[in-house]
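Peer 1: The structure that follows is given in the form of structure tokens.
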Amino acid sequence: MAHTGIAILWASAFLSAIVDNIPFVATMIPLIKNMAPAFAARSHPAAVVVPVARRLPGGNGTLIGASANLTVAGISERNGVPFRFITYTLYAAPMMVVSVAICHVYLWWRYF
């Protein structure tokens, strides 16, 4: 159970950095709904759901990970501040990994 929750956390973070957060969560809901009953008897069901809810730090890992990132990039570009994908990712990806690591520790402490 613990390994599944942690795997979902990290996979969700990296996948939501590539795919926008809203379609990613919409895709993951049926998967989590199908997995939750199998784990509910052994553990708290939130331990399976929380990793997907914690996908938000993953969306900050790349420019295309969240709609807000693209909005800010467009506004900054119109105001003469170049905002490139690689530059953003070089700064944001390490912060995303730290954020997800903090979520990992919290998830382990709270549910496992």
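Just so it is clear, none of the values below were taken in a lab; they were calculated from the coordinates. All of these numbers come straight from a predicted model, not from anything done at the bench. When we count neighbours, we look across all protein chains shown, and the Cβ atoms used for this are built from the backbone with ideal geometry, even at glycine.
Peer 1: Pop the C-beta distance of Arg84 and Ala38 into the FRET formula with R0 = 30 Å and round what comes out to the nearest 0.05.
Peer 2: 0.10
Peer 1: Can I ask one more? What are the ³J(HN,Hα) values, in whole Hz, obtained from phi via the Karplus relation 6.51 cos²θ - 1.76 cosθ + 1.60 with θ = phi - 60°, for each residue of region 85-90 in sequence order, with x given for Gly and Pro?
Peer 2: 4, 5, 4, 4, 5, 4
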